[in-house]
Each structure stands twice: as structure tokens, then as C-alpha cells.
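Heads up, the thing below is written out as C-alpha cells.
Please treat every number below as a calculation from the coordinates, not as lab data. Because the structure is a prediction, the values reported are computed rather than measured. Note that we place each Cβ from the backbone using ideal geometry, even for glycine, and neighbour counts take in every protein chain shown.
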Amino acid sequence: MIAAHCNLYAGNLFREVAARPDSWEVIFHEKGGRYRIEIDSVERGTSGYLQRLRLLSKESLTLVDKHWHMDIKPVDRNGKMGVEITRTYRDRLTGEQKIETTFEPNHPAEQDASGNQR
């Protein structure tokens, strides 16, 4: 089912991901979905368009939507910094809980021809 996999990648959630050894940050897109935010299991409100979240390397981020939640944390995979995203959802056909995990390397915001961020 394609719909079950479409939101797992950081590029679909964030316009920018920057993980460093001591901290990490994400910037949400200028349009699209909005999510309930939890940092280390403490509710912090709803995401905003172009909102920047900066967290310490030991902190984790959870995004919650009606049908799923994603746990996001910084990781170093073979010397490449990025985030690990674990998506938990309930299969709508079987009712079974499903878990998917992926690694997304750091990526800057895309820029247009004049150098402005998109």
C-alpha cells in the first residue's frame, strides 16, 4: 500500500534536517501537514509552517497525526549524521500495528536559482 509509506521520509516532513554530535534541528515545510509535537514525551503544541525546532542530541521528537506517530532521533550511521524515523501506525485493513524505520541523512533546504530557500 503506497499510502502507508508516503510520509516516512524526512523530506516529506521537513524542508531541512541538520544533525550534529551535540544538537540537531529540523525546519518544517511552508505548507502541508501539521502535527502534534512531543519532545521527550512532553506535549509541546502543534507544528507550524516554517517552524524550526532545535533539540539537544539526547532529546527525541515525536510527531503525532490522527492515524500514526513518528519517533525521530539523531543518529550517526557509519560517519554520516542524520535522523532515524520510526513510524508506528495501525493497518486499516487488518487492524494490526505496523512499525517502519528509516534513516534520513542531513539535508539542507532546497534553493531556487537566485539562492533563496524554498
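Miscellaneous remarks
- Measuring between alpha carbons in the structure, the pairs from Lys73/Lys98; Lys58/Lys98; Lys66/Lys98 lying more than 24 angstrom apart are Lys58/Lys98.
- Rounded to the nearest 20, the Cβ-based charge dipole of the range 34-104 about its Cα centre (Lys and Arg +1, Asp and Glu -1) stands at 220 debye.
- Matching label, Rg/Rh (Cα atoms, Kirkwood Rh) computed from the structure shown, candidates (1) 1.02; (2) 0.97; (3) 1.13: (2)
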